[in-house]
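Chemist: Let me give you the structure first, and then I'll get to my questions.
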Amino acid sequence: MIGLHHYLVLSAILFAAGVYGILSRRNVLLILLSVELMLNAANLSFIAFSRYLGDLGGQVFVFFTMVVAACEVTVGLAVAILLYRTRGSLDTDQADWLKG
Amino acid sequence: MLTLAWLVLFLPLAAAAAILAGTLRRNFLSSALACGAMTVSFLFSCAIFFQLAGRNFEAAESHVVLVSIRNFELEFGVLVDRLSAIMLLIVTGIGGGIFFYSTEYMKDDPGYSRYFAGLSLFAFSMLGIVLSTNFFQIFVFWELVGVSSYLLIGHWYQKNEAADAGKKAFITTRIGDVGFLIGILMVWSLAGGAGKETLNFGVLESLMGDGFSGGMYLTLACLAVFCGVLGKSAQFPLHVWLPDAMEGPTPVSALIHAATMVAAGVYLLARTFFLFVHSSQALFVIACTGCVTALMAALMALVQDDIKKVLAYSTLSQLGYMVMAVGLGSASAGMYHLVTHAFFKALLFLGAGSVIHAIHTQNIWEMGGLLRRLPVTGWTFLIGFLALAGIFPLSGFFSKDEILTLASMRHPVFYLAGTLTAFLTAFYMGRLFFTVFTAEPRREHHPHGEAAVIRIPLLLLAFFSAASGFFGLGHWLHTHHDAEIEWNFWVVSISLIVSLGGIAASYLVYNLRIPLPESLGVVFAPARKVLENKFYLDDFYDALVQKVQQNFAGLCDLFERWVVVEWMVNGTARVTAWSGDMLRRLQTGRIHFYALVFSAGITALVGWWVLAR
């Protein structure tokens, strides 16, 4: 029988994978991908709790999250394109103009 | 009557303001304004005197309240009683004469209008002191006198000596004034202890009636107030400014020495005598100061070559007499001598001014035989000289002998010093008179004559120098605080003989020029050297300033440079710069670093939150 715990553990694994991806990858696209992974990990938790508690509020939250994620990806990709145009690469280590 | 007093006070100020505002370029108008204001003030003063006489000399005052702090009030007003009425007459009368005299003396001076503005301001300040109703007001005018004396002594400011003398007079008197200010605060607290916070003389006097006892605190307060007198009335050890003040124009010297400034100190003592009578220790210190000043100044006057310097030291010496009289317990005797001295010292200075004006030198050894050339000056100078020496029946005789009699009643040391001073006074004045007016001239002079505005003040002052002893002023000024002085035939005759002896000795030495044995000069050479160097007091003060004050200033400079600027100001800047530098390194610009810190922070927060439960 698959219970709440299984979903939550999966969600935690996905989230940790996302964090690891952000910290280890240097390519902007991969970082954006990792962010999506973390958002979806959160979504999975929401859905699981929604089902477990029989409350539709969790599913409503997920819709909001998906809208925000879409916006974030739009802006993120635009930034990535500009970055590529000005720097000629998507390596974040080379994008350090804001160094103090 | 009180309205008149307000007018007397403010007329000279109005004249000074008008001169500065409008007539600086019109010499005649300036002097007319100043002299006019002074004349009207004098007439009003006479009117005040007679009205006061009509009221049987009952004191009257009116004042406005300047500042009111809870139940304490700072007042500004006029007080008319015997003391201020007689001083009003002296200040406006003698001052007025000096104003008119100045129109001739300063005739071709480029700063003519400025000079009269200064004189008017001076007169205003002095009248303010005379009419003051309280300590606060007297202190304000006290400082104004200091400022205006600075302006007048430094009138010829192009000359370095004059500018320095002005500064010296101002700074030296300021040193005393610090004490005065502290004294005023102490009196205020004493008054608070006695029942009412006030600085008003009348109220204070009634608070500190018979049986009042302030103990050591009162003595200290009296001595602090006396510090102000030390400065203004040029008592030892703050007397050093007075001889230097001779750099000013001669009428200014006459004004400072006779009617204003130095008189202010003695006047203050007389005005606040109700305070001093409660402290015999303070009175003793005052008497000693006066005694030392009188004797020292008379000794220094013996070796001066400048006609004005001789007179300056004689003023110091006479002020010493006055202060000693107050210290010995009779303010009225001091005031009496102040009044008579005002007449003959103004006379002597104006006479000296007339001589200087005529032959353009101040060195007495370049003068001689001037009695024939300047008869009015010469004969009036003789009257002033005899009055100062205290020869019967001139005014100085009465006032000085009152002081000597008082001294003989107290302690023989005071009496001996006073009598010795009387001898020296007669001697150095004889030296001055005979050398300048009767001895054979050592150089030919062609003095131009004496103008009427010079002669008339001289004659008037000569009349009062001769006659003012007969009005019984000493008795008239007597209050219940003053010690009784009993007429003593022996004291009077001894002082008369001593004075005549002094004159005779100076006649022999300086008029007949009898040859003195060489050995005398050798014996007295060291003493002469000490006297010519003014007891090395000026050198001592110079050393004090250069060694002590300069080093202390250097120390302060180092403290400021290294501790305040280098350590505190620059140190603050350096710490800020350093911490900024450190914090800057956190901004690497690498997104991974930020993300790492961010996630570590979140993990830490969440971990802490979970564990804390």
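The values are calculated or read from the model by the stated rules, or taken from the named source; none is laboratory data. All figures in this text were calculated on a predicted structure; none of them were measured in a lab. Cβ coordinates were reconstructed from backbone atoms using ideal geometry, including for glycine residues, and neighbour counts include every protein chain displayed. Remember, those area values only see protein heavy atoms, side chains included, never the ligands or the DNA or RNA. Shrake-Rupley method; radii C 1.70, N 1.55, O 1.52, S 1.80 Å.
Chemist: May I ask which residue of B:TYR105, B:GLY327, B:GLY215 lies farthest towards the positive end of the charge dipole of the protein assembly as shown, with charges of +1 (Lys, Arg) and -1 (Asp, Glu) on Cβ and the Cα centre as origin?
Modeler: Positive-end residue among those listed: B:TYR105.
Chemist: Roughly speaking, what is the centre-to-centre gap between the stretch B:88-108 and the stretch B:120-181 when only Cα atoms are used, to the nearest Å?
Modeler: Cα centroid of the stretch B:88-108 versus Cα centroid of the stretch B:120-181: 19 Å apart.
Chemist: Hey, how many Å between the Cα centroid of the stretch A:77-99 and the Cα centroid of the stretch B:203-247?
Modeler: Comparing the Cα centres of the stretch A:77-99 and the stretch B:203-247, I get a distance of 87 Å.
Chemist: Keeping all protein chains in the complex and leaving out DNA, RNA and ligands, what accessible area do you get for B:TRP609 with a 1.4 Å probe, in Å² to the nearest 10?
Modeler: Probe radius 1.4 Å; accessible area of B:TRP609 about 150 Å².
Chemist: Another one. Above 21 Å lies some portion of the pair distances; for the stretch A:4-93, what is it as a whole percent of all C-alpha pairs? Spell out each step's value before the answer.
Modeler: Numbers: 1631 of 4005 pairs.
When every Cα pair of the stretch A:4-93 is considered, 41 percent fall beyond 21 Å.
Chemist: Which shape class, rounded, prolate or oblate, goes with the stretch B:76-191 when its Cα gyration tensor gives a ≥ b ≥ c as root eigenvalues, a/c under 1.5 marks rounded, and past that a/b bigger than b/c marks prolate?
Modeler: oblate
Chemist: What does the C-alpha gyration tensor say about the overall shape of the stretch B:400-543? Classify as rounded when a/c is under 1.5, otherwise prolate if a/b is larger than b/c, or oblate.
Modeler: Judged from the Cα gyration tensor, the stretch B:400-543 comes out oblate (a/c at least 1.5, b/c at or above a/b).
Chemist: Let me ask something else. Roughly how big is the B-A contact, given as buried accessible area in Å² (both sides, 1.4 Å probe, nearest 100)?
Modeler: Values: alone 26670 and 7400 Å², together 33210 Å².
In total, chains B and A hide about 900 Å² from solvent.
Chemist: Next question, about the same structure. So, R0 is 41 Å and r is the distance between the beta-carbons of B:TRP567 and A:LEU98; what FRET efficiency does that work out to, to 0.05? Mind dumping the intermediate values first?
Modeler: Numbers: r = 37 Å, r/R0 = 0.89.
Efficiency computed from Cβ-Cβ geometry: 0.65.
Chemist: Calculate the dipole size of the stretch A:4-93 relative to its Cα centre from +1 charges on Lys and Arg beta carbons and -1 charges on Asp and Glu beta carbons; express the result in debye to the nearest 20.
Modeler: Details: 5 positive and 5 negative charges, 33 e Å.
Dipole of the stretch A:4-93, to the nearest 20 debye: 160 debye.
Chemist: Within 10 Å of each Cβ in B:590-599, how many Cβ atoms from other chains are there, averaged over the peptide?
Modeler: Numbers: counts 8, 9, 8, 2, 1, 5, 3, 0, 1, 4.
Taking the mean over all residues of the peptide, I get 4.
Chemist: Take every residue in peptide B:580-589, count the Cβ atoms of other chains within 10 Å of its Cβ, and give the average of those counts.
Modeler: 2
Chemist: May I pose another question? For helix B:591-612, what angle does its Cα long axis make with the longest principal axis of chain B, in degrees from 0 to 90 and rounded to 10?
Modeler: 80 degrees
Chemist: Also, quick follow-up: Distance check, please: which entries in B:LYS107/B:LYS534; B:LYS107/B:LYS400; B:LYS308/B:LYS529 exceed 32 angstrom between their Cα atoms?
Modeler: Working: B:LYS107/B:LYS534 34 Å; B:LYS107/B:LYS400 37 Å; B:LYS308/B:LYS529 20 Å.
The pairs that break the limit, which is 32 Å between Cα atoms, are B:LYS107/B:LYS534; B:LYS107/B:LYS400.
Chemist: Separate question: Which value in nm describes the separation of the simple spin-label points at A:ARG87 and B:SER280, placed 7 Å from the Cα toward the beta carbon?
Modeler: For A:ARG87 paired with B:SER280, the spin-label model returns 10.0 nm.
Chemist: Considering every residue in A:26-32, what mean count of other chain Cβ atoms within 10 Å of its Cβ is obtained? Don't skip to the end; give the middle numbers.
Modeler: Working: counts 3, 0, 1, 0, 0, 3, 0.
Neighbouring Cβ atoms belonging to other protein chains average 1 per residue here.
Chemist: Can you tell me, using C-alpha contacts under 8 Å and at least 6 residues apart, the relative contact order of chain B as a whole percent?
Modeler: Worked out over chain B, it gives 11 percent.
Chemist: Could you state the angle between the C-alpha long axis of helix B:489-506 and the longest principal axis of the C-alpha atoms of chain B, as a value from 0 to 90 degrees rounded to the nearest 10?
Modeler: Approximately 90 degrees, to the nearest 10.
Chemist: Also, quick follow-up: Roughly speaking, to the nearest percent, how much of the stretch A:4-93's 1.4 Å accessible area is carbon and sulfur? If you can, show how the numbers build up before the last one.
Modeler: Working: 4440 of 6010 Å².
Carbon plus sulfur share of accessible area: 74 percent.
Chemist: Could you calculate the contour length gain from B:ALA14 to B:PHE50, that is, 0.36 nm times the residue separation minus the distance between their Cα atoms, to one decimal place in nm? Before the final figure, lay out each step's value.
Modeler: Details: separation 36, 0.36 × 36 = 12.96 nm, distance 2.49 nm.
Roughly 10.5 nm would be gained on extension.
Chemist: Something else about it: Taking the highest mean first, how do the peptides B:118-127, B:72-81, B:355-364, B:508-517 order by number of other beta carbon atoms within 10 angstrom per residue?
Modeler: Details: B:118-127: 28.2, B:72-81: 19.9, B:355-364: 18.4, B:508-517: 12.5.
Packing proxy ranking, top to bottom: B:118-127, B:72-81, B:355-364, B:508-517.
Chemist: Also: Heavy-atom accessible area per residue, the protein assembly as shown, 1.4 Å probe: how many Å²?
Modeler: Working: 33210 Å² over 713 residues.
Ligands and nucleic acids excluded, the figure is 47 Å² per residue.
Chemist: Within 10 Å, count the other beta carbons around each residue, average over each peptide in B:186-199, B:137-150, and list them highest first. Please list the in-between numbers first.
Modeler: Numbers: B:186-199: 17.2, B:137-150: 21.8.
Output ranking for B:186-199, B:137-150: B:137-150, B:186-199.
Chemist: Show me B:265-273, B:34-42, B:392-400 ranked by packing, highest mean number of other Cβ atoms within 10 Å first.
Modeler: Working: B:265-273: 25.3, B:34-42: 22.1, B:392-400: 23.7.
Packing proxy ranking, top to bottom: B:265-273, B:392-400, B:34-42.
Chemist: A further question follows. Give me the distance in nm between label points sitting 7 Å out from Cα along the Cα-to-Cβ direction at B:ASP109 and B:PHE76, one decimal.
Modeler: Here the modelled spin labels are 2.9 nm apart.
Chemist: Roughly what would the spin-label model give for B:ALA467 and B:SER519, points 7 Å off Cα along C-beta, in nm?
Modeler: Inter-label distance under the simple model: 5.3 nm.
Chemist: Spelling out what I want: for every residue of the stretch B:331-346, take phi, set θ = phi - 60°, compute 6.51 cos²θ - 1.76 cosθ + 1.60 (Karplus), and round to whole Hz; glycine and proline get x.
Modeler: For the stretch B:331-346, the Karplus-derived couplings read 5, 5, 5, x, 5, 4, 5, 4, 5, 5, 4, 4, 5, 6, 6, 4 Hz, x marking Gly and Pro.
Chemist: If you take the square roots of the eigenvalues of the alpha-carbon gyration tensor of the stretch B:10-93 and sort them as a ≥ b ≥ c, do you get rounded (a/c under 1.5), prolate (a/b over b/c) or oblate? Let's see the in-between values first.
Modeler: Working: a/c = 4.02, a/b = 1.36, b/c = 2.96.
Taking the square roots of the gyration eigenvalues as a ≥ b ≥ c, the stretch B:10-93 is oblate.
Chemist: Say R0 is 51 Å: what FRET efficiency, to the nearest 0.05, do B:ASP306 and B:LEU416 get from their beta-carbon distance? Walk me through the numbers on the way to the answer.
Modeler: Details: r = 30 Å, r/R0 = 0.58.
Given R0 = 51 Å and the Cβ-Cβ separation, E is 0.95.
Chemist: Rounded to whole Å, give me the distance from the Cα center of the stretch B:382-415 to that of the stretch B:2-19.
Modeler: First find each Cα centre; the distance between them is then 36 Å.
Chemist: Next up: Return the long-range amide H neighbours of B:ASN134 (sequence gap of 5 or more, or a different chain), with a cut-off of under 5 Å between placed amide H atoms.
Modeler: B:PHE201
Chemist: Please list the radius of gyration and Dmax for the protein assembly as shown, considering alpha-carbon atoms only, with Å as the unit.
Modeler: In Å, with Rg to one decimal and Dmax whole: 43.3, 148.
Chemist: Under the definition of Cα pairs under 8 Å and six or more residues apart, what whole-number percent is the relative contact order of chain A? Working shown, then result.
Modeler: Numbers: 82 pairs, mean separation 28.0, N = 100.
This gives 28 percent for chain A.
Chemist: From the helices alone, meaning DSSP H stretches of at least four residues, give me the mean residue ellipticity at 222 nm for the protein assembly as shown, per-run term -39500 (n - 2.57), in deg cm²/dmol to the nearest 500. If you can, show how the numbers build up before the last one.
Modeler: Working: 30 runs with 508 residues, N = 713.
Per the formula, -24000 deg cm²/dmol.
Chemist: Which whole number in µm²/s is D for chain B by Stokes-Einstein, with the Kirkwood Rh taken over Cα pairs at 37 °C and 0.692 mPa s? Present the calculation step by step, with values, prior to reporting the outcome.
Modeler: Working: Rh = 26.4 Å.
In µm²/s, the coefficient rounds to 124.
Chemist: Now, a different point. Can you tell me the 0 to 90 degree angle between the C-alpha axis of helix B:570-584 and the longest principal axis of chain B, rounded to 10?
Modeler: For helix B:570-584, the angle is close to 10 degrees.
Chemist: What's the FRET efficiency of B:ALA60 with B:LEU185 using the Cβ-Cβ distance as r and R₀ = 35 Å, to the nearest 0.05? Spell out each step's value before the answer.
Modeler: Details: r = 28 Å, r/R0 = 0.80.
That pair, B:ALA60 with B:LEU185, gives E of 0.80.
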